[in-house]
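Engineer: Sharing a structure with you now.
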Amino acid sequence: MSFRKEQLYQKQQFHQTNEQQGYINLSAYTTAEELSTKVKETLSKGMHGLCFSLYEDGQKPGDTIGEEQIRRRMAIIAPYTKWVRSFSCIEGNELIPKIAKEFNLKTLVGAWLGNDKDKNNLEIVGLLKLAQEGLVDIAAVGNEVLYRKDLSEEELINYIEYVKEKIPHIPVGYVDAYYEFAIKPRITQACDVILTNCYPYWEGTPIDYALIHMKNMYYQTVNAAQGKPVIITETGWPSMGESLRGAVPSLLHFMKYFMDTQVWAKEENVEVFYFSSFDESWKVGAEGIVGAYWGIWDKHEQLKF
């Protein structure tokens, strides 16, 4: 997920009124218990997409995860989503699209790219294999590569163009922070679909303005896309951890943000992949304690609300 304690690019016209932005007023739900009931109702109606959390306690990227664990977690989330997003095509991640299809879910399948070219090649080969097997509905070539500065713009475009040539029947995109598509027009041009991550929390936005800010991020990406489809591939709010300026993690704020994004997405027909399905302890590190608490379900696979 994104880590943005210092943002490089801010959306103009942030301070618009709630009415102008279509803010969902949840002030009537003053307690976690009251809001929990409403959130459960919203969740039961289903959402567009969920980012799949692969790792249990003691596991981390680099570990190979088996089919049984993936199938158990997929069974938990399948009743609540139409799409599942995966982040890699190796080390067990290649099983996620296969199992998602068993549950009649659509797949946004990502090849994780970094500064290890050999590993990148394995990811690309894995993505193409899954696509040829009919397990990929949208292909994502890289996730926040430019933000991390793991690859140059030219190197990333070469990967995108190669995948597009090999699987011309499948939409191909690249995932990054919303502002990258405005300042990197060649990347935007190379993609069939624009896959944007929008995190008000990582820009220190107070919860009362979080939906407004997220919508600004989304519509900035729409403007940069020049008519290409735009999908929010990550957005969410942590239920525990450190505050970041005005952004305060809490169960109440987590539920409010979830409600706001789901209601807005359905009203305006915006495709959103919520981050994330389960809490993952390995994310404590560069992101701080807060990194481990973005799931709708906790690390024990229990709903938080």
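The values are calculated or read from the model by the stated rules, or taken from the named source; none is laboratory data. None of these values were measured; they are calculated from a predicted model. Ideal geometry is used to build each Cβ from the backbone, glycine not excepted, and the neighbour counts take in all protein chains shown.
Engineer: Could you list, in sequence order, all residues of the stretch 247-270 that are among the hydroxyl-bearing types (Ser, Thr, Tyr) and buried (at least 20 other Cβ atoms within 10 Å of the Cβ)?
Structural biologist: Tyr257, Thr261
Engineer: Report whether or not Phe273 is within 19 Å of the chain's Cα centre (by Cα), assigned to a strand (DSSP E or B) and buried (at least 18 other Cβ atoms within 10 Å of the Cβ).
Structural biologist: Criteria met by Phe273.
Engineer: Shifting gears a bit: Would it be correct to say that Val270 is aliphatic (A, V, I, L, M) and farther than 19 Å from Ile194 by Cα?
Structural biologist: Answer is no for this residue.
Engineer: Here's something else I'd like to know. Just to be sure I understand, how many residues within the stretch 173-196 are of a type in the set (A, V, I, L, M, F, W, C), surrounded by 18 or more Cβ atoms within 10 Å (Cβ to Cβ) and part of a helix (DSSP H, G or I)?
Structural biologist: Qualifying residue count, the stretch 173-196: 3.
Engineer: Pull up the stretch 200-236, narrow it to residues that are polar (S, T, N, Q) and under 26 Å from Arg186 (Cβ atoms), then point me to the one that is farthest from the chain's Cα centre (by Cα).
Structural biologist: Gln226
Engineer: Take the residues in the stretch 65-112 that are of a type in the set (S, T, N, Q) and more than 21 Å from Asp279 (Cβ to Cβ), then tell me which one is nearest to the chain's Cα centre (by Cα).
Structural biologist: Thr107
Engineer: Only one residue in Val141, Val145, Val175 is among the aliphatic types (A, V, I, L, M) and out of contact with any Phe, Trp or Tyr (no Cβ under 8 Å at 6 or more places or on another chain), so which one is that?
Structural biologist: None of the others qualify; the one that does is Val175.
Engineer: Taking the stretch 29-69, which residues are over 19 Å from Leu303 (Cβ atoms), β-branched (Val, Ile, Thr) and surrounded by 11 or more Cβ atoms within 10 Å (Cβ to Cβ)?
Structural biologist: Ile65
Engineer: Tell me, which residue of the stretch 119-175 that is free of Cβ contacts under 8 Å to residues at least 60 places away in the same chain and small (Gly, Ala, Ser) is nearest to Pro229 (Cα to Cα)?
Structural biologist: This residue is Gly173.
Engineer: State which residue pairs qualify: first residue at pLDDT 95 or above and outside any helix (DSSP H, G or I) and inside the stretch 203-229, second residue surrounded by fewer than 21 Cβ atoms within 10 Å (Cβ to Cβ) and acidic (Asp, Glu) in any location, beta carbons under 9 Å apart, and separation of 6 or more residues or different chains.
Structural biologist: From residues that are at pLDDT 95 or above and outside any helix (DSSP H, G or I), the pairs are Lys228/Asp192; Pro229/Asp192; Pro229/Glu271.
Here is a yes/no grid of residues against (1) touching a helix residue (DSSP H, G or I) at 6+ places or on another chain (Cβ under 6 Å); (2) outside any helix (DSSP H, G or I):
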site: Ile99; (1), (2): yes, no
site: Asp118; (1), (2): no, no
site: Gly134; (1), (2): no, yes
site: Asp150; (1), (2): no, yes
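Engineer: Further, regarding this structure: Please tell me if Tyr80 is in contact with a helix residue (DSSP H, G or I) (Cβ under 7 Å, 6 or more places away or on another chain) and buried (at least 20 other Cβ atoms within 10 Å of the Cβ).
Structural biologist: Judged against the criteria, Tyr80 is not a match.
Engineer: Considering only residues that are part of a loop (DSSP other than H, G, I, E, B) and closer than 20 Å to Glu91 by Cβ, look in the stretch 136-148 and name the one that is nearest to the chain's Cα centre (by Cα).
Structural biologist: Only one residue fits best here, namely Glu144.
Engineer: Somewhere in the stretch 212-234, is a residue acidic (Asp, Glu) and surrounded by 19 or more Cβ atoms within 10 Å (Cβ to Cβ)?
Structural biologist: Yes: the stretch 212-234 contains one or more residues that are acidic (Asp, Glu) and surrounded by 19 or more Cβ atoms within 10 Å (Cβ to Cβ).
Engineer: Which residue out of Ile90, Ile170, Ile160, Ile124 is at pLDDT 95 or above, assigned to a loop (DSSP other than H, G, I, E, B), more than 22 Å from His48 (Cβ to Cβ) and among the β-branched types (Val, Ile, Thr)?
Structural biologist: Going through Ile90, Ile170, Ile160, Ile124 in turn, just one is at pLDDT 95 or above, assigned to a loop (DSSP other than H, G, I, E, B), more than 22 Å from His48 (Cβ to Cβ) and among the β-branched types (Val, Ile, Thr): Ile90.
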